[in-house]
Amino acid sequence: MKVVLASKNPHKLVEISRITEKFGFELILQSELGVDIDVEETGTTFEENSFIKAQAVMEATGLPALADDSGIAVDALNGEPGIYSARYGFDESLDDHGRMILLLKNTENVPDGSRQAQFVCVITMVTPDGQVIQARGEVHGQLLREPVGTNGFGYDPIFYYPPLGKGFAELPPEVKNQVSHRGQALKLLNQKLMEAGYADK
């Protein structure tokens, strides 16, 4: 089954495809179908924004669409940046690295024992026949004080995962995909897709 990823982020396509390729469907970026839409994320939760993106791309392509809404939530910042992780600082001049540095700056006075953070991912698949299938994954760790590692993207270099004693950007992709928020959400989504008859067992 061909499924459109409601994203323009090639990093997400690579990471998600590594996990979904064993689920029996082919994932393609919306741009490969000539679809170039900027969906306004007006929701107040990861669930709402994930659905909004999937629904819009499904309507634009006529194909099942998969959307990921994810971010990092820092306890000491009352859950920020959260759903605004990709727009943190609301400064268009900032790239992924700039947003990461801004988060480090905003938490520089948070003591080591209070730097708990979670990566959250909600994935939604919307089909042309009206099915909506959604799954959520979370991974808990701590915010580092400086970037480490060269793998991953986004906030991975400043997220420390205690069970493995490494930062997310220090983990090989196959290891990260086993424990990450996105990996957890995709595994749960696959279970739900199988129950709904959309994925091979």
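The values are calculated or read from the model by the stated rules, or taken from the named source; none is laboratory data. Everything quoted here is computed from the prediction, not taken from an experiment. Methodologically, a virtual Cβ is constructed for each residue, glycine included, from the backbone with ideal geometry; neighbour enumeration extends over all protein chains shown.
Key figures for this structure:
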quantity	calculated
Selection count where residues are over 12 Å from the mean Cα position of the chain (by Cα) and within 20 Å of Glu108 (Cα to Cα), scope region 65-83	9
Among the candidates Leu104, Leu164, Leu143, Leu186, residue that is in contact (Cβ under 8 Å) with a residue 60 or more places away in the chain and farther than 20 Å from Lys53 by Cα	Leu143
Output for region 32-55, where each listed residue is in a helix (DSSP H, G or I), over 14 Å from the mean Cα position of the chain (by Cα) and not acidic (Asp, Glu)	Leu33, Ile52, Gln55
Which listed residue is among the acidic types (Asp, Glu), out of contact with any Lys or Arg (no Cβ under 6 Å at 6 or more places or on another chain), without any contact (Cβ under 8 Å) to a residue 24 or more places away in the chain and in a helix (DSSP H, G or I), from Glu92, Glu59	Glu59
Failed item, numbered, when Arg145 is tested on (1) in a loop (DSSP other than H, G, I, E, B); (2) surrounded by fewer than 16 Cβ atoms within 10 Å (Cβ to Cβ); (3) modelled with pLDDT under 95	(3)
Sole exception among (1) farther than 27 Å from Pro128 by Cβ; (2) crowded, with 17+ Cβ neighbours inside 10 Å; (3) at pLDDT below 95 for Asp68, by number	(1)
Complete set of residues in region 8-31 that are in a loop (DSSP other than H, G, I, E, B) and more than 19 Å from Pro128 (Cβ to Cβ)	Lys8, Asn9
